[in-house]
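Enquirer: Let me give you the structure first, and then I'll get to my questions.
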Amino acid sequence: MATDLRVWFCTPDKGLGQVISNALGPGFEVRCTEEELTSGLDKWSELALLDLRTSTESGSDWALQLMAEIRRLPLPPPIIVILPEEDRTLTLIMMEGGAYDVVYSPPDILELRLILKRASRFRELEWELAQCRPQESVGRLHGLIGQSEKMQGIFALAKKIAACDVSVLITGETGTGKELLARAIHQSSPRASQSFVAFSCANLPETLVEDELFGHEKGAFTGAVGLRRGRIEIADRGTLFLDEIGDLGLALQPKLLRVLQERTFERLGSSTPVNVNLRVICATNRNLGEMIQQGKFREDLYYRLNVVELHLPPLRERRDDIPVLAYCFLERFASQFGKKVKRFSRLSLQAMEEYNWPGNVRELENVVQRVVVLSETETVEVWQLPPAVRSGYEEPQPELTYEEEVRRFKRRLLVRTLRECGWRKAKSARTLGVARGYLHRLMHQLEISEDDLGEAARGISD
């Protein structure tokens, strides 16, 4: 049974505290205080709500001081601030001061309830990351990180096949972490103490690829001044990882097939067989089945390589992993570059969660590295993200009407709620506190289609 979310509400208006407590209803436990003290806050509360409605001109200074004190706690709760009116300047001051979100008086209870729930999930994520730092997380497989159901399935399968000395084919888009998965399989296998040798077959002349893989004898060709061991020989007793295997030339494919079948090969310029004992893991972002039909890839080699296939999904199909990955990258680069940045603001994290990441994990890593290098504060704000990532999350433009602002907010809220509820409309309607028919009408009015919800939404009905 779910426990109530505990909210520490600092307000001089006891009446408002009671109203808020009653309006939030089941699922929330509100403790009101008029004191600006944080003693015991981290031991009891999950969330902090600050009331600035009756504050004077120095109220923002008081709020900033209180937020600074709260943020010094071992695991500070997210802070939501209630402002007396919509004031863009004061809103920015509060957000830069560490507020998770800002609402305006009188607060919309539905909006406040959703903000508090989302802030609670945000705090749980930070707690899980804090717990994972001293030891390896359940959501990790050596260098790979992922809490999503898809990644947990891949981790489980990778652990099973690691102990079995079979060839593995890893498929997936560029930047999804195929080499990291190959390394994780190697490190989980009995060959972990031996070499992991990686080589990319992409964009190299066939003669160079052949020399890199098989090596050569002295005098094999002009410039061959000595014996050179190839990657296959170096990987003996270990693991050979061949990236972009779909780019391997047709003339070299029979030679690789022989290595897989007979565990033997000859260096260039030699007829003496060299025996090897190695495991081969390959990766590609191409459709090898189509290449076989086109005569560009040998079918017998494909079946030798594809004893077990692992498909790494693109980041847009496992959005639950985005916050986890982003925080891991943030911590790593902050330590590497000696930066004080510690967290992402609510909007910056939401912008990253809703961006499609065509470059996948590699693009996310580069974006986080960029914002860490340029950051001078503890919090990464949405404006620090690249324009493509923060698209739709810029500050409201002056020319937008009130109706346009409301429509934009409703659409974003609805899409996010649908995503958080696993794309199930009945559950989303219950979360929003509306009838399912009204939810359908809202989706139609706001022009929310399956393309907005993502591929995971297709085929789900309830």
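Enquirer: Only one of 315, 330, 385 is modelled with pLDDT of 90 or more and touching an Asp or Glu at 6+ places or on another chain (Cβ under 8 Å); which? Outline the logic, then answer.
Expert: Details: 330 fails: touching an Asp or Glu at 6+ places or on another chain (Cβ under 8 Å); 385 fails: touching an Asp or Glu at 6+ places or on another chain (Cβ under 8 Å).
So the residue among 315, 330, 385 that is modelled with pLDDT of 90 or more and touching an Asp or Glu at 6+ places or on another chain (Cβ under 8 Å) is 315.
Enquirer: Select, from 16, 41, the only residue that is modelled with pLDDT of 75 or more and not β-branched (Val, Ile, Thr). Explain how you work it out, then say what you get.
Expert: Details: 41 fails: modelled with pLDDT of 75 or more.
None of the other options fit; the residue is 16.
Enquirer: Are there any pairs with C-beta distances below 6 angstrom linking a residue in the range 233-255 that is assigned by TED's automatic domain parsing to the domain that holds residue 273 to a residue that is assigned to a strand (DSSP E or B) and small (Gly, Ala, Ser), with the two at least 6 apart or on different chains, and if so which?
Expert: 233/215; 241/198; 243/200; 243/283; 244/200
Enquirer: Answer yes or no as to whether residue 372 is over 18 Å from residue 140 (Cβ atoms), buried (at least 20 other Cβ atoms within 10 Å of the Cβ), at pLDDT 90 or above and hydrophobic (A, V, I, L, M, F, W, C).
Expert: Values: over 18 Å from residue 140 (Cβ atoms): yes; buried (at least 20 other Cβ atoms within 10 Å of the Cβ): yes; at pLDDT 90 or above: yes; hydrophobic (A, V, I, L, M, F, W, C): yes.
Spelling it out, residue 372 is indeed over 18 Å from residue 140 (Cβ atoms), buried (at least 20 other Cβ atoms within 10 Å of the Cβ), at pLDDT 90 or above and hydrophobic (A, V, I, L, M, F, W, C).
Enquirer: Select from the range 76-100 the residues that are more than 18 Å from residue 16 (Cβ to Cβ), under 27 Å from the mean Cα position of the chain (by Cα) and not in a helix (DSSP H, G or I) and list them in ascending order.
Expert: 76, 77, 78, 97, 98, 99, 100
The values are calculated or read from the model by the stated rules, or taken from the named source; none is laboratory data. A quick note: this is a predicted structure, and the numbers were derived from the prediction, not measured. Heads up, the Cβs are rebuilt from the backbone with ideal geometry, glycines too, and the neighbour counts pull from every protein chain shown.
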